[in-house]
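Read-outs: derived from the displayed coordinates by stated rules, not from any lab. What you see is a predicted model, and the numbers here were worked out from it, not measured in a lab. Virtual Cβ from ideal backbone geometry, glycine too; neighbours counted across all protein chains shown.
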Amino acid sequence: MTADAPMCVLLVEDDASYAALIAAELRGAAIDLHQAGSLAAAASEIPRRSFDAILLDLGLPDSSGIDLAREALARFAGLRVVLATGYQEGEAGSASGSWIRLPKPYHSADLQRVLSTIL
């Protein structure tokens, strides 16, 4: 992201209500938001753009997002990853400082707190 370019964010969420909440929270911010509703769609989207952040649901219909998070973090220096999940930390894999966990269910205030750390 340059000073002139908006932050490029990929939202990977299959739940329409959470996707709508995130999109509403990001409205008005300098964000270039892209969305994917499955792991397969996200995996094909990631190589196409230089994302600054990924907001990733772990419970996707086609697989867990944990492997995608690990792969993206390994490939792209400086990428920020937010894992939205109802799983406990151990079930979600070891964060070891690589990503931010956003526990589900979450509300607008929870989302704003996490977004303030990556935006």
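Bridges between two residues of the chain, per DSSP, are antiparallel at a rate of about 10%.
In this rough spin-label picture, where each label sits 7 Å from Cα along the Cβ direction, the S44-A24 distance is 3.0 nm.
Over all pairs of different C-alpha atoms, the chain has a mean inverse distance whose reciprocal, the Kirkwood radius, equals 14.3 Å.
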